[in-house]
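Read-outs: derived from the displayed coordinates by stated rules, not from any lab. Computed from a predicted structure; not experimentally measured. Don't worry about glycine lacking a Cβ; one is built from the backbone with ideal geometry, like all the others, and counts go over all protein chains shown.
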Amino acid sequence: MPDAFTTRTLHVATGTQERVVDLTSECDAFLREAAAGRDGLLNVFTPHATAGIAVIETGAGSDDDLLAALHTLLPADDRWQHRHGSPGHGRDHVLPAVVPPHATLPVVAGRLALGTWQSVCLVDTNKDNPDRQVRLSFLG
């Protein structure tokens with residue numbers, strides 16, 4: 001019988017540009033092994049102070065719209081008290097309050113129960129940290 005709780009860490013290279021990285025296929029691959037057809041929950045967590053997890057539509061411009069909205073909400077300028085790193089880096093530390101570093105999603109019969117256009121994404125506005133980790137944990 002498969003374990004009731006299984007975790008895997010993904011290593012995601014985000015580079016030096018702000019990015020929304022679709023992780024849905026990696027979540028699906030993990031669940032094929034970890035869930036083995038069972039119902040449960042998938043927790044997606046990034047252990048970084050400057051990145052978040054979002055469930056959004058990708059590929060139709062929504063990912064770029066999200067980054068544009070974050071620029072409006074959290075401008076990369078000198079208003080931030082947290083000032084190390086690239087100019088405006090303090091806003092990267094506020095990002096997880098807007099895009100949390102985690103999401104918990106339903107798994108039905110071993111598959112993510114997402115809506116038609118939903119994808120699980122890593123949101124990374126920190127150009128100073130090109131390598132990220134994302135922990136996938138299945139409980140079922």
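Taking label positions 7 Å along the Cα-Cβ direction at both ASP28 and VAL98, the computed distance is 3.0 nm, reported to one decimal. Among 80-86, 122-128, the peptide with the highest mean count of other Cβ atoms within 10 Å heads the list, and the full ranking is 122-128, 80-86. Could you compute the FRET efficiency for TRP117 and ARG8, with r as their C-beta to C-beta distance and R0 at 22 Å, rounded to 0.05? Calculated value: 0.30. Magnitude of the charge dipole for segment 1-100, about its Cα centre and with charges confined to Cβ atoms of Lys, Arg (+1) and Asp, Glu (-1), is about 340 debye. In plain terms, if you count all Cα to Cα distances in the chain and split them into 5 Å steps from zero, the share in each step is 2, 11, 20, 21, 18, 12, 8, 5, 3, 1, 0 percent. Secondary-structure-derived ellipticity at 222 nm for the chain, considering helices only, amounts to -7000 deg cm²/dmol, per-run term -39500 (n - 2.57) for DSSP H runs with n ≥ 4. A dipole drawn for the chain from +1 and -1 charges on Cβ atoms has a positive end, and of ALA60, LEU41, SER119 the residue lying farthest that way is LEU41.
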